[in-house]
Structures are given as structure tokens and as C-alpha cells.
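Asks: Here it is, the structure in full.
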Amino acid sequence: MVSGTGRVLVLGGTGEARRLAGALVAEGVEVVSSLAGRVADPVLPPGEVRIGGFGGAAGLAAWLGANPVGAVVDATHPFATTMTASAAEACAVTGHPLLRLQRPGWTAQPGDDWRWVDTLEEAAAAVQGFGSVFLTTGRQGLGAFAGLTARCLVRSVDPPASPLPGRTSVVLARGPFSVDDERALLREHAVDVVVTKDSGGHMTAAKLTAARELGVPVVLVRRPPLPPGVPVVVTVDDALSWVRAGPGPRTSAD
Ligand code: NAP
């Protein structure tokens with residue numbers, strides 16, 4: 001069973017994780033935020049930070065055994081499936097209460113031409129025949145698009161690694177992005193289709209508005225399923241309430 005410490009491990013890499021860490025620190029709660037170490041110059045959350053993988057579910061369980069923590073909040077990105085699965089597996093073994101904080105996905109509005117797919121590979125197939133593709137899926141997984149012959153615009157925080165499509169321009173940028181800037185970018189590159197993961201949130205939603213306004217279709221990759229039995233909240237406030245409620249029986253209905 002877990003010791004009665006109030007220290008919280010926040011699995012991060014998202015704006016929600018940073019905001020949660022900030023709010024907990026402001027309330028006097030001890031926090032250790034964990035980052036994967038993918039981004040060269042990450043925006044660091046307040047409080048203690050550790051960087052780098054744990055070594056799978058077993059590694060995280062060992063870390064939890066060696067570091068006094070009373071609860072774990074998995075606030076990683078909706079597409080960070082391996083970390084989310086590891087957190088569920090490790091906490092099931094160690095008995096640590098685990099909460100999944102995951103912002104809602106995006107919802108189509110009138111005028112949107114959205115085409116849903118399940119994988120990046122399916123997204124690559126869905127853009128066949130288009131002439132100018134805006135790839136905003138992040139720099140990981142771009143290999144799925146390597147065979148595209150269309151002009152491709154790739155935007156990512158750090159430079160993407162090969163293999164990339166043959167005719168690729170790269171824009172290095174970190175959100176948030178404004179609708180005006182996104183509209184200008186789509187026009188400048190004569191983009192005729194946008195590809196994105198259903199990341200949700202405000203930081204990167206402007207591209208969807210710009211695409212709607214310009215009549216450009218969007219291929220969206222659906223979110224992977226969450227591990228069963230882990231309670232889920234969609235706001236930082238709800239995650240704060242969960243932490244404040246402290247140890248005790250937790251169910252997926254909490
Ligand atoms: P992933 O595929 O689920 O994770 C791969 C491995 O990276 C994990 O097995 C784990 O290594 C390590 N890892 C991931 N998140 C970690 C964390 N918060 N702390 C410590 N180790 C972590 O995740 P990903 O898609 O590579 O994402 C990596 C990070 O970038 C995450 O923190 C995520 O929140 C953030 N992010 C991801 C995306 C996206 O589209 N996937 C977008 C924006 C931000 P071990 O197995 O060795 O523990």
C-alpha cells in the first residue's frame with residue numbers, strides 16, 4: 001500500500017500538466033513533474049522536475065517504490081499512449097491512486113470538412129491526390145508520410161528527423177497560433193488539406209478555424225482508447241479537486 005505522503009507525481013508534457021503543477025505548488029502541495037525529454041528547450045512547470053523515461057511500467061513502479069508519492073496524475077498528451085499505459089499498469093501494481101487528466105477532443109462546426117482516420121498511415125492514404133499538405137501531427141511519426149509526392153509543409157517545435165516526404169518545407173514554431181497567422185500560412189503555401197491529431201485544446205485550434213474559413217478539408221487522427229478502470233477528468237480544476245480529496249477508495253466514477 002502507498003505511504004500517506006501528499007506529494008504528487010504529475011506526468012507531463014502538456015499545458016494542462018504545467019497548469020496543474022502550478023496550481024498545486026501554489027496550494028503548498030509538493031509536486032514532481034515528469035517530462036519525457038523530447039523537446040530540446042521545454043517550458044518547465046513550477047516545482048520539482050525530473051526528465052527522461054522511467055523504463056516502462058516496471059521502471060515507473062520501481063521509481064514509485066523509491067520515491068515517496070501519494071498519488072499520480074497522468075496529464076500527458078492524448079497521443080502519449082505508451083506512457084499512459086505504463087502509468088495504469090504501474091499504479092495497479094503499486095496501489096498508487098491514478099487520475100487521467102485529458103482535455104476534450106475537438107468538435108466539428110458547421111462548415112468544417114473533417115475526415116476521420118485511426119492512424120497516421122490512414123491519414124497518409126487520405127491525402128493522396130492533394131497537391132499541398134500541411135502536416136501538423138508533430139515531428140514523431142512523420143515517417144508515415146514519407147512516400148507522399150505532394151508538396152508538404154511540416155510544422156514542429158524541434159527539427160523533424162528523416163524520413164520526410166520528398167518535397168517538404170519545415171516551419172519551426174511553438175503554439176499558440178492565431179487564426180490570422182494560420183490563415184496566412186495556409187494561403188502562403190496554397191495548402192489544400194491539413195492533417196492533425198485530435199489533440200484538442202486552444203493552443204493549436206486556430207488551424208481548424210482557418211481551414212474552415214478557407215474551405216480546406218482536415219484529416220483528423222482519432223484518439224487512441226484510454227486504459228480501462230482509470231478515472232478521467234477533462235479540466236485542471238477537476239484534477240485539483242481529485243488531489244485535494246486525498247487518499248481513499250477511488251473508482252472510475254470519482
Ligand atoms: P509515449 O509514446 O507515450 O512515450 C514513449 C516513452 O517516453 C514512454 O514509454 C516513456 O518512456 C517516455 N515518456 C513519455 N512521457 C513521459 C513523461 N511525461 N515522463 C517520463 N517519461 C515519459 O509519448 P510520446 O508521444 O513520445 O510523448 C512524449 C511526451 O511528449 C509526453 O510527455 C507527452 O505528454 C508529450 N507530447 C506528446 C505529443 C504527441 O502527439 N504524442 C504531443 C505533445 C506533447 P519509458 O517507457 O522509458 O518510461
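Each value in this text was obtained by applying a stated rule to the coordinates, not by laboratory testing. What you see is a predicted model, and the numbers here were worked out from it, not measured in a lab. Counting neighbours? That spans all protein chains shown, and the Cβs are built from the backbone with ideal geometry, glycine included.
Asks: How about segment 70-91: which of its residues are of a type outside the set (S, T, Y) and either free of Cβ contacts under 8 Å to residues at least 12 places away in the same chain or not in a helix (DSSP H, G or I) (or both)?
Replies: Scanning segment 70-91 gives G70, A71, V72, V73, D74, A75, H77, P78, F79, A80.
Asks: OK, next. Any chance segment 204-212 includes a residue that's in contact with a Cys (Cβ under 7 Å, 6 or more places away or on another chain) and under 18 Å from R139 (Cβ atoms)?
Replies: no
Asks: Is it true that some residue in segment 2-9 is touching a residue at least 12 places away in the same chain (Cβ under 8 Å) and within 14 Å of the ligand (Cβ to nearest atom)?
Replies: yes
Asks: Further question on the same structure: Taking the condition crowded, with 16+ Cβ neighbours inside 10 Å, small (G, A, S) and on the phi > 0 side of the Ramachandran plot, does G47 pass?
Replies: yes
Asks: Sticking with this structure for a sec: Just one of (1) in contact (Cβ under 8 Å) with a residue 24 or more places away in the chain; (2) touching a Leu at 6+ places or on another chain (Cβ under 8 Å); (3) surrounded by 13 or more Cβ atoms within 10 Å (Cβ to Cβ) trips up N67, so point out which.
Replies: (3)
Asks: For P165, only one of the following conditions fails: (1) under 18 Å from A17 (Cα atoms); (2) surrounded by 18 or more Cβ atoms within 10 Å (Cβ to Cβ); (3) over 23 Å from the mean Cα position of the chain (by Cα). What is its number?
Replies: Answer for P165: the failing condition is (1).
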